[in-house]
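Below is one structure, written out as structure tokens, with a few remarks after it.
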């Protein structure tokens, strides 16, 4: 496949070739991909396929710069999502609900995203995609009429990628960097509910933690994710300091929750989805830093938190607790794991040590 350009527009003549020409992982049905589009499609598809398999329901992801801005499984659409995306909440189908919940986690970052869904795209999702700013989509199939509608988006430049749901990658991965060839076994660790099941841990928390593990597995490290009810509320990616990652993702959680503050309901902000998002964010920023704001933030509860690496200090727990976290999953076995456990107990947080690190670089 000849690509539009490489990592940057001045890197022309880029290509992408399947290792096995007889069984490529994708088919490009419309548009001309760039190097980053291919990376986004590959990572996003793996995330949603793994999440759907592990959790038993459709999954979606909204990718930007090779990390998810949001990810979710199918589930309820709340009033803010319904208003933002002009949807009839009770009637929304499973695949559309998964994507709306994924995009709504951080709709500012999802502007111009690459979409991934684990099930075929139907007319309902295609109609929604027509109204949001996105660069492309990867899915295992497209219902009749959908391909033509999506192919007309962005003046015909919208990328439509069909994934082979049965494709299995080779057991080893190879990367060439600065004249060096690095080879390693593919990270095929099984992420299942069994890894997280603990006496007394609610099944909903287990599912949220499992989704979080899958999310950070496909997020640039260091990475953390806050989740509730089968969707991410904030993802932190690519920070050198883990506590900075925790703070940044926590700020996204606060924004998500403040968008649901009763005082922010107001007149229609315009026909475009992103205009409504911008108005919501403006009103959120205008909320006074007072007892009412603090009280509302304090009402968020039963949030799950996942870290791709061991929490090195108790300050990560202290920060996570500010955003309603009651469940944490992390690899454990750091030199200060006892301090981390003590901080979790102080805040009434259930801690699960998975023993599995999920770095991605």
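The values are calculated or read from the model by the stated rules, or taken from the named source; none is laboratory data. Because the structure is a prediction, the values reported are computed rather than measured. Cβ sites come from the backbone with ideal geometry, for glycine too, and all protein chains shown count toward neighbours.
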Breaking point among (1) outside the structural domain of residue 154 (by TED's automatic domain parsing); (2) farther than 20 Å from residue 163 by Cα; (3) touching a residue at least 40 places away in the same chain (Cβ under 8 Å), for residue 10 | (3)
When restricted to 347, 361, the only residue touching a residue at least 24 places away in the same chain (Cβ under 8 Å), out of contact with any strand residue (DSSP E or B) (no Cβ under 7 Å at 6 or more places or on another chain) and farther than 19 Å from residue 209 by Cα is 361
Please verify whether region 342-350 includes one or more residues that are closer than 18 Å to residue 216 by Cβ and part of a helix (DSSP H, G or I).
-> no
Test for residue 204: is it in contact (Cβ under 8 Å) with a residue 24 or more places away in the chain and assigned to a helix (DSSP H, G or I) | yes
Name every residue in region 132-175 that is on the phi > 0 side of the Ramachandran plot and surrounded by fewer than 12 Cβ atoms within 10 Å (Cβ to Cβ), in order of residue number.
-> 145, 155, 156
With the first residue restricted to region 223-246 and required to be free of Cβ contacts under 8 Å to residues at least 12 places away in the same chain, and the second required to be in a strand (DSSP E or B), Cβ contacts under 9 Å at 6 or more apart or on different chains are 244/236
Leading residue by the ranking (surrounded by the most Cβ atoms within 10 Å (Cβ to Cβ)) among those in region 178-201 that are out of contact with any helix residue (DSSP H, G or I) (no Cβ under 7 Å at 6 or more places or on another chain) and not in a loop (DSSP other than H, G, I, E, B) = 195
Region 256-268 - residue that is part of a helix (DSSP H, G or I) and either at pLDDT below 90 or out of contact with any helix residue (DSSP H, G or I) (no Cβ under 6 Å at 6 or more places or on another chain) (or both) and, of those, surrounded by the most Cβ atoms within 10 Å (Cβ to Cβ) = 256
Selection from region 137-174 of residues that are within 18 Å of residue 97 (Cβ to Cβ) and either within 21 Å of the chain's Cα centre (by Cα) or in a loop (DSSP other than H, G, I, E, B) (or both) = 137, 139, 140, 143
When only residues in region 21-47 that are touching a residue at least 60 places away in the same chain (Cβ under 8 Å) and assigned to a loop (DSSP other than H, G, I, E, B) count, which is farthest from residue 125 (Cα to Cα)?
-> 23
Return the only residue of 244, 229 being under 27 Å from residue 276 (Cβ atoms) and surrounded by fewer than 20 Cβ atoms within 10 Å (Cβ to Cβ).
-> 229
